[in-house]
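Visitor: The structure follows.
The values are calculated or read from the model by the stated rules, or taken from the named source; none is laboratory data. Since this is a predicted model, take the numbers as computed values, not measurements. Every residue, glycine among them, receives a Cβ derived from its backbone with ideal geometry; neighbour counts consider all protein chains shown.
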Ligand SMILES: [Zn+2]
């Protein structure tokens with residue numbers, strides 16, 4: 001069996017800061033992505049932590065969604 005490494009080619013980032021503090025990052029299959037989220041396609045950083053590190057340069061404060069990021073842990 002091939003080990004499936006989680007890829008994150010596309011994420012959604014809420015434009016509105018939660019509690020005025022941070023943007024929530026969602027995976028593309030999350031059921032609670034708000035309609036007004038930014039969709040960001042990642043070409044070269046498929047791993048989640050690398051992706052979020054990259055995105056923090058643009059969005060400064062990010063938090064992983066409690067719904068879509070918890071299911072792997
Ligand atoms: Zn989510």
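Visitor: If I go through region 24-57 residue by residue, how many of them are modelled with pLDDT of 90 or more and more than 16 Å from the ligand (Cβ to nearest atom)?
Guide: 2
Visitor: Could you please tell me which pairs satisfy a Cβ distance under 6 Å, a separation of 6+ or placement on different chains, a first residue in region 16-31 that is closer than 11 Å to residue 62 by Cα, and a second residue that is within 7 Å of the ligand (Cβ to nearest atom) and in a loop (DSSP other than H, G, I, E, B)?
Guide: Listed by first residue and then by second, the contacts come to 24/65; 26/33; 26/65; 26/68.
Visitor: Then there's this: Would you mind stating whether residue 72 is within 16 Å of the ligand (Cβ to nearest atom) and at pLDDT below 85?
Guide: So residue 72 fits the description; yes.
Visitor: Ok, one more. Just one of (1) touching a strand residue (DSSP E or B) at 6+ places or on another chain (Cβ under 9 Å); (2) farther than 14 Å from residue 66 by Cβ trips up residue 18, so point out which.
Guide: (2) is the only condition that residue 18 fails.
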